[in-house]
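One structure is given below, encoded as structure tokens.
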């Protein structure tokens with residue numbers, strides 16, 4: 001079980017993922033040794049699964065991001081598996097989520113501009129198998145992005 | 001916009017998977033010296049290709065068993081201030097991301113909760129009471145994959 005100190009460490013750590021164990025110890029007012037032991041335990045328990053850099057696609061020339069909400073033709077037995085396996089092959093798909101609700105899946109796709117998006121949409125998305133319906137949401141702005149948990 | 005060569009792409013792919021790798025370990029794998037690797041990482045950060053880091057936490061192990069995506073349509077567009085709505089929605093701790101979108105909805109939210117009753121509490125007490133919140137559609141997240149993207 002987690003105690004208050006674990007939660008405090010995680011709060012500082014998720015707010016600033018590049019903090020070193022020493023810096024985390026300082027923020028939490030504990031010794032470096034204690035912080036290191038707690039961090040090792042959080043990692044061993046699989047609570048902290050790692051960290052990765054966040055890529056800013058706009059800085060790499062991908063100005064557009066579109067959410068495609070997909071409903072599948074579920075009369076096909078393994079429509080989900082087949083659709084997902086093929087969607088993973090499209091390089092511009094950066095997120096793939098499945099849902100319980102009105103839509104079955106969501107793809108996040110990025111494109112350099114409208115013409116590029118149109119080309120991906122026609123040649124790679126509409127050709128994916130077992131689609132019943134697609135709706136597009138175009139991203140205008142990100143208002144809140146830190147995906148922190150309310151610990 | 002920052003231009004990338006093959007080595008930059010390989011670096012970004014590796015760092016997106018694991019941001020804790022040292023410049024010397026990364027350089028060894030890519031056939032670069034430690035200072036050359038470090039200079040490339042610096043350039044990617046300064047050029048904006050690397051927007052930051054994200055700590056990967058196991059939400060379920062921390063007691064957050066439910067993630068829901070909400071599509072929100074503002075009820076009285078024009079009369080309600082977008083700034084007021086955005087400020088109020090961003091202040092809710094359970095709301096992890098807020099995106100302004102074009103299409104069927106005006107905003108897309110990612111909301112985390114302990115379980116479905118907890119989600120219902122957040123929805124009723126905090127989301128439905130937001131200034132201007134109109135029609136709301138909820139989809140419960142079942143699975144999620146982040147893909148490397150066009151690198």
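The values are calculated or read from the model by the stated rules, or taken from the named source; none is laboratory data. This structure is a prediction, so every number in the text was calculated from the model and none was measured. When we count neighbours, we look across all protein chains shown, and the Cβ atoms used for this are built from the backbone with ideal geometry, even at glycine.
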Among helices (runs of 4 or more DSSP H) completely within region A:1-112, the ones holding 1 or more residues that are in contact with a helix residue (DSSP H, G or I) (Cβ under 8 Å, 6 or more places away or on another chain) and more than 10 Å from chain B (Cβ to nearest Cβ) are A:4-15, A:21-27, A:32-44
Given (1) more than 7 Å from chain A (Cβ to nearest Cβ); (2) touching a strand residue (DSSP E or B) at 6+ places or on another chain (Cβ under 6 Å); (3) at pLDDT below 95, residue B:111 misses just (3)
State the number of residues belonging to region B:3-14 that are touching a helix residue (DSSP H, G or I) at 6+ places or on another chain (Cβ under 7 Å) and more than 9 Å from chain A (Cβ to nearest Cβ). 5
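Matching residues to (1) within 10 Å of chain A (Cβ to nearest Cβ); (2) more than 21 Å from residue A:91 (Cβ to Cβ); (3) surrounded by 14 or more Cβ atoms within 10 Å (Cβ to Cβ):
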position	(1), (2), (3)
B:16	yes, no, yes
B:19	yes, yes, yes
B:22	no, yes, no
B:26	no, yes, yes
B:35	no, yes, no
B:44	yes, no, yes
B:53	yes, yes, yes
Which numbered condition trips up residue B:139, out of (1) assigned to a strand (DSSP E or B); (2) more than 9 Å from every other protein chain (Cβ to nearest Cβ)? (2)
Given (1) surrounded by fewer than 20 Cβ atoms within 10 Å (Cβ to Cβ); (2) within 11 Å of chain A (Cβ to nearest Cβ); (3) more than 26 Å from residue B:12 (Cα to Cα); (4) free of Cβ contacts under 8 Å to residues at least 60 places away in the same chain, number of the condition residue B:146 does not satisfy: (3)
So which residues in region A:137-151 are crowded, with 17+ Cβ neighbours inside 10 Å and either assigned to a strand (DSSP E or B) or on the phi > 0 side of the Ramachandran plot (or both), if there are any at all? A:137, A:139, A:143, A:144
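In region A:136-151, how many are farther than 23 Å from residue A:51 by Cα and either touching a helix residue (DSSP H, G or I) at 6+ places or on another chain (Cβ under 6 Å) or without any contact (Cβ under 8 Å) to a residue 40 or more places away in the chain (or both)?
Looking only at region A:136-151, we keep the residues that are farther than 23 Å from residue A:51 by Cα, and these are A:136-141.
Narrowing further to those that are either touching a helix residue (DSSP H, G or I) at 6+ places or on another chain (Cβ under 6 Å) or without any contact (Cβ under 8 Å) to a residue 40 or more places away in the chain (or both): A:140-141.
Residues that pass the stated criteria total 2.
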